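> Please read through the structure below; I'll follow up with questions.
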Amino acid sequence: MTELTIGWLYPTLMSTYGDRGNAICLQQRAKWRGIKVQVLPLDLQSTIDDIHQVDILVGGGAQDRQQEIVMRDLKGAKAEALRQKIEAGTPGVFTCGAPQLLGHYYEPALGQRIEGLGLLDFVSKHPGPDARRCIGNVVFEVTASRLAKDLQAMLGKVAVIIGFENHGGRTYLGKVEPLGKVISGYGNNGEDGTEGSFYRNAIATYSHGPLLPKNPFVADWLIQTALAEKYQTPISLQPLDDTLAMQAREAMFKRLGVGEVVAGKR
């Protein structure tokens, strides 16, 4: 039997916006296909051996104080272990505040700059306590070249992601590839039309709500990629009936007034 271990980063500190649903979605969609799954919390008590044994990484959102605790814990050997996993191609989904762990630094509205892992070439800055937050539904087309190609092969059409964003920080990309192009919403900073970033097999995005139940094809890509990386053989997943999820997506596209735009992408 094939097996997967999902490493859930700091579940008690970084699951502010229902991001637990991403771990649940991955676990259930794997189980429906007969894949044995373990969800392993990666928290303050975890070791580098725990990090090295995971096949998929999941990280969620947090308030500034909780995020500071996490980013101060992810130093030294732990940071290097996480860096090695991502560089080696371990797939991961990092939503809301979690991507800020992977960038160069995060500047909160109040307080000192918090250094990140520097794995992805971007910085995140909060413009100040009086600045307007980026809140609302977000829709974007996946444009990261390899991921877009993989998802189009799975779906038979251009992949469009829908989620919910609620962030004060603004992220500015360097040389890292954007995850997608905003159709509706703010995205990384509300200025340049980019949303998230993509590196190796790591997906970083402000979109939560949670992300994967609304976009089950992304969950399947993570599972398929994790299996291929672990067993070093091409994997093709058995299709699941996602009729209800797809109907919910179409209803939201229509509600947001982007149904025709999304349809035109296909």
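> Just checking, does the range 36-43 include any residue being part of a strand (DSSP E or B), under 30 Å from I235 (Cα atoms) and polar (S, T, N, Q)?
Checked against the condition, which is being part of a strand (DSSP E or B), under 30 Å from I235 (Cα atoms) and polar (S, T, N, Q), the range 36-43 yields at least one hit.
> Now a separate question. Given L26, L4, which one is under 18 Å from T225 (Cβ atoms), in contact with a Lys or Arg (Cβ under 8 Å, 6 or more places away or on another chain) and buried (at least 17 other Cβ atoms within 10 Å of the Cβ)?
Working: L26 fails: in contact with a Lys or Arg (Cβ under 8 Å, 6 or more places away or on another chain).
Going through L26, L4 in turn, the sole match is L4.
> Restricting to the range 218-248, and then to whatever is touching a helix residue (DSSP H, G or I) at 6+ places or on another chain (Cβ under 7 Å) and surrounded by 19 or more Cβ atoms within 10 Å (Cβ to Cβ), can you tell me which residue is nearest to I161 (Cα to Cα)?
Quick first cut of the range 218-248, residues touching a helix residue (DSSP H, G or I) at 6+ places or on another chain (Cβ under 7 Å) only: 218-223, 234-235, 237, 240, 242, 245.
Next, from what is left, pick out any that are surrounded by 19 or more Cβ atoms within 10 Å (Cβ to Cβ): 218-223.
Values: V218: 9, A219: 12, D220: 14, W221: 13, L222: 15, I223: 17 Å.
The extreme case among them is V218.
> Would you kindly identify the helices (runs of 4 or more DSSP H) lying entirely within the range 53-172 that contain at least 1 residues that are surrounded by 17 or more Cβ atoms within 10 Å (Cβ to Cβ) and at pLDDT below 90?
64-73, 76-87, 99-102
The values are calculated or read from the model by the stated rules, or taken from the named source; none is laboratory data. All figures in this text were calculated on a predicted structure; none of them were measured in a lab. Neighbour counts are summed over all protein chains in view; Cβ atoms, including those assigned to glycine, are modelled from backbone coordinates with ideal geometry.
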